[in-house]
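Structure, as structure tokens:
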Amino acid sequence: MNNYLIFGASGAIGQAIANQCLTNGHQVHQVFRGSNFKHEITSPNCHTYYLDVYNERDLLQLAATLKEHQINRIINCAGILHTKDFSPEKTITQLEPSAFIEIIKTNTLLTALIAKHLIPLLDKNTESVFAVLSARIGSISDNQLGGWYSYRASKAALNQILKTLSIEFKFKKPNAAFVALHPGTTDSNLSKPFQKKIPAEQLFTAKFVAECLLNIVETIQPENSGSFYAWDGSTIEW
């Protein structure tokens, strides 16, 4: 049994991962941003926390609360692509500073804050995993289409943070694996406006994605820390 700490638990993938962890017999600690989000999990093995995830005092309090729970899996599933106020840019002329900042805050800064305050929970002598949901679109080498400036930039920056964490903690946490995960196109609110052009066989259920990603998290070894994996286990170039 592993002890999972899941951020972004209100999203389709985050909630599916929480459910799959419970099905697999693990303990789950799921984090919701504020009290407006509700969850349907009632298992005694699932613990829910509501907090301002950008407030460092809240994160410190969470770390103190979880200190005795032997957390050995941390997954950040939080992410944003669009809202009612903005959509991905097709051209640089559509870039809006306020939207760019909000996307960077959610897709990049949050992981840095989680790492700053929650990585100390991972025991140096126990195998552990720190995983983030990234996206293939964040790969600079894979960029063939252009567009989506804010989202691409936020995920590229997220990948850089993950890679840098893997270097910093190579000796501080030698049994920890830091990994970025590409879930593929998942049937969720994030992808809904863009699903018309996606072939049915390439649009995955959240449950399927959760099973695939957890298979990676449960099998990755410390020597593979600093890697970027797609849902099917294939590697993606940064």
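Observations, loosely collected:
- When E201, E211 are checked against the criterion of being open to solvent by 20 Å² or more (accessible area, probe 1.4 Å), within 15 Å of the chain's Cα centre (by Cα) and farther than 23 Å from L110 by Cβ, E211 stands alone in meeting it.
- Condition met for K155 (charged (D, E, K, R), outside any loop (DSSP other than H, G, I, E, B), touching a helix residue (DSSP H, G or I) at 6+ places or on another chain (Cβ under 8 Å) and modelled with pLDDT of 95 or more): yes
- Residue match in region 223-232 (condition: over 16 Å from L133 (Cβ atoms), open to solvent by 80 Å² or more (accessible area, probe 1.4 Å) and either of a type in the set (A, V, I, L, M, F, W, C) or touching a Pro at 6+ places or on another chain (Cβ under 6 Å) (or both)): no
- Residue in region 168-186 that is open to solvent by less than 70 Å² (accessible area, probe 1.4 Å), over 21 Å from I114 (Cα atoms) and of a type in the set (V, I, T) present: yes
- Residue selected from region 131-150 under the condition over 30 Å from A63 (Cα atoms) and assigned to a helix (DSSP H, G or I), by the criterion least open to solvent (accessible area, probe 1.4 Å): S150
The values are calculated or read from the model by the stated rules, or taken from the named source; none is laboratory data. Treat the numbers as computed from the prediction; the structure is a model and nothing was measured. FYI the Cβ positions are ideal-geometry reconstructions off the backbone, even for glycines, and counts take in every protein chain you see. In case anyone asks, the SASA skips ligands and DNA or RNA and just uses the protein heavy atoms, side chains included. Shrake-Rupley method; radii C 1.70, N 1.55, O 1.52, S 1.80 Å.
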